[in-house]
Amino acid sequence: MAATDLERISNAESEPRSLSLGGHVGFDSLPDQLVSKSVTQGFSFNILCVGETGIGKSTLMNTLFNTTFETEEASHHEECVRLRPQTYDLQESNVHLKLTIVDAVGFGDQINKDDSYRPIVDYIDAQFENYLQEELKIRRSLFDYHDTRIHVCLYFITPTGHSLKSLDLVTMKKLDSKVNIIPIIAKADTISKSELHKFKIKIMGELVSNGVQIYQFPTDDEAVAEINAVMNAHLPFAVVGSTEEVKVGNKLVRARQYPWGVVQVENENHCDFVKLREMLIRVNMEDLREQTHSRHYELYRRCKLEEMGFQDSDGDSQPFSLQETYEAKRKEFLSELQRKEEEMRQMFVNKVKETELELKEKERELHEKFEHLKRIHQEEKRKVEEKRRELEEETNAFNCRKAAMEALLSQAMHATSQQPLRKDKDKKKF
Ligand code: GTP
Ligand code: MG
């Protein structure tokens, strides 16, 4: 067969031919089947709220979902940042939503804020790891798996009107490759309109100059491209939260009432709450879920698998083989184990040698000490012996002197007893 014929056949195999159908077949119901399947399955959505204690996180969540989530206030005395997830089952029409709100409790309350971002990063990674472990199982149950991966991080910025705090920049920078960040200016009713405008520009400028990637509403889907592009220009949203209802005209609206007037949460002239709800829930919830899976989780998974030794083949080399990678990793692990064992054995031998040397040194010292004491003892003994001899000599000399004295004394006594007799004799002579 000629080469051109072969090329034609292989082209025909790779490019499907388009055919027209003679009548209705029915696969146009596929999208409906998907919708129906998804509705039956239900959805999960996980929001992480990061912001200083008392910045209005819980109030905003209650306002967004038009309900009252039971959350306790955080104290300002937490030793470190703690992540508190709470899951709720919500239903709107026939759609079930498993909503998890994760609060970063105690954020910004520590004197040393260097590591404030760490528990948040660890929490996000832990959720990715759980998902990865489920994926790697032989018997996976991803269908009914409760996906706890964080789909969006609402980052609450304090309405100072100045600039972002370094804590905000550091935290957002650490999180931006792991989660979709939507920055929001909280309690926007506490800042004037002109200040707010300048504040927004400043925040965006600082985020860009520090290379912080925030979530951009997607503009590739025609249906939402326009609104998303407009909304991207409004970031960060300046929001007001309230669950209080106030009568405005003849309508009850959610608002914050002040002595000088009423701030209406859902009035777009007052704040960006509606924009946030629109973007977060009504337009881009699915994109946030998808981005989490296809971008952030994918990155985590890739790094993790590469760490474990797996890698894709490049064009020229052999295709990737799980078996070979496993064998290579096993060999690497075994040789590492052997190396460690050898290291430990050597360490043990060295330790024994060291101890032996130490013991010998101690023995030598003891022996020297013993010899020294022995010498002292002998010296003492010699001295005592000498003293004893001297004493004996002294005693002998004394005894000699005593005997001589006694002899002298007895002689003298004898001489005195003879004297009266001689006197009597002499008297008789006269
Ligand atoms: P912790 O969970 O304890 O960290 O607090 P939080 O961030 O959840 O704040 P929370 O929603 O409990 O609100 C704290 C206080 O701020 C409450 O008194 C709210 O009424 C008030 N607050 C909430 N949102 C706003 C707002 O948009 N503007 C103003 N001015 N006050 C608000
Ligand atoms: Mg709260």
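One residue alone among Arg140, Arg82 is without any contact (Cβ under 8 Å) to a residue 24 or more places away in the chain and touching a helix residue (DSSP H, G or I) at 6+ places or on another chain (Cβ under 7 Å), and that residue is Arg140. Being in contact with a Leu (Cβ under 7 Å, 6 or more places away or on another chain) and either away from ligand 1 (no atom under 16 Å from the Cβ) or at positive phi (or both) is a property that does not hold for Leu132. The set of residues in the stretch 22-70 that are without any contact (Cβ under 8 Å) to a residue 60 or more places away in the chain and among the hydroxyl-bearing types (Ser, Thr, Tyr) comprises Ser29, Ser36, Ser38, Thr40, Thr53, Ser58, Thr67. Among the residues of the stretch 127-148, the ones that are surrounded by fewer than 12 Cβ atoms within 10 Å (Cβ to Cβ), aliphatic (A, V, I, L, M) and within 22 Å of Arg289 (Cβ to Cβ) come to 1 in all. In the stretch 220-238, the residue that is surrounded by the most Cβ atoms within 10 Å (Cβ to Cβ) out of those that are among the aliphatic types (A, V, I, L, M) and over 19 Å from Lys193 (Cα atoms) is Val224. Quick one: is Arg301 modelled with pLDDT of 90 or more and either within 16 Å of ligand 1 (Cβ to nearest atom) or out of contact with any helix residue (DSSP H, G or I) (no Cβ under 9 Å at 6 or more places or on another chain) (or both)? It is false that Arg301 is modelled with pLDDT of 90 or more and either within 16 Å of ligand 1 (Cβ to nearest atom) or out of contact with any helix residue (DSSP H, G or I) (no Cβ under 9 Å at 6 or more places or on another chain) (or both). So for the stretch 37-44 (the condition being within 13 Å of ligand 1 (Cβ to nearest atom) and at pLDDT below 90), does at least one residue qualify? Scanning the stretch 37-44, I find no residue that is within 13 Å of ligand 1 (Cβ to nearest atom) and at pLDDT below 90, so the answer is no. Residues in the stretch 265-282 that are modelled with pLDDT under 90 and more than 12 Å from Leu64 (Cβ to Cβ): Asn267, Glu268, Asn269, His270.
Of all residues in the stretch 153-188, those being outside any helix (DSSP H, G or I), within 24 Å of the chain's Cα centre (by Cα) and either farther than 21 Å from Arg84 by Cβ or of a type outside the set (Ser, Thr, Tyr) (or both) number 13.
Select from the stretch 72-118 the residues that are touching a strand residue (DSSP E or B) at 6+ places or on another chain (Cβ under 6 Å) and of a type in the set (Val, Ile, Thr) and write down the one among them that is nearest to ligand 1 (Cβ to nearest atom). By that ranking, first place goes to Val105. The residue that is surrounded by the fewest Cβ atoms within 10 Å (Cβ to Cβ), among those in the stretch 101-124 that are charged (D, E, K, R) and assigned to a loop (DSSP other than H, G, I, E, B), is Asp114. Restricting attention to the stretch 45-69, which residues are outside any helix (DSSP H, G or I) and within 12 Å of ligand 1 (Cβ to nearest atom)? Passing the criteria: Cys49, Val50, Gly51, Glu52, Thr53, Gly54, Ile55, Gly56, Thr68, Phe69. Of the residues making up the stretch 34-56, those that are away from ligand 2 (no atom under 16 Å from the Cβ) and out of contact with any helix residue (DSSP H, G or I) (no Cβ under 9 Å at 6 or more places or on another chain) are Leu34, Val35, Ser36, Lys37, Ser38, Val39, Thr40, Gln41, Gly42.
When the stretch 64-77 is limited to residues that are of a type outside the set (A, V, I, L, M, F, W, C) and touching a Ser or Thr at 6+ places or on another chain (Cβ under 6 Å), the one that is surrounded by the most Cβ atoms within 10 Å (Cβ to Cβ) turns out to be Thr71. Within the stretch 239-262, the residues that satisfy the criterion of being of a type in the set (A, V, I, L, M, F, W, C) and crowded, with 19+ Cβ neighbours inside 10 Å are Val239, Val240, Ala255. Scanning the stretch 57-67 for residues that are within 12 Å of ligand 2 (Cβ to nearest atom) and either more than 21 Å from Arg149 (Cα to Cα) or in contact with a Leu (Cβ under 9 Å, 6 or more places away or on another chain) (or both) yields a total of 5. Taken as a whole, the structure leaves Lys331 outside the set of residues that are assigned to a helix (DSSP H, G or I) and modelled with pLDDT of 95 or more. Can we say Lys98 is surrounded by 10 or more Cβ atoms within 10 Å (Cβ to Cβ) and farther than 23 Å from Gln291 by Cα? The answer is no for Lys98.
The values are calculated or read from the model by the stated rules, or taken from the named source; none is laboratory data. Owing to the predicted nature of the structure, the values given are computational and were not obtained by experimental measurement. Neighbour counts run over all protein chains shown; Cβ positions are idealised from the backbone, glycine included.
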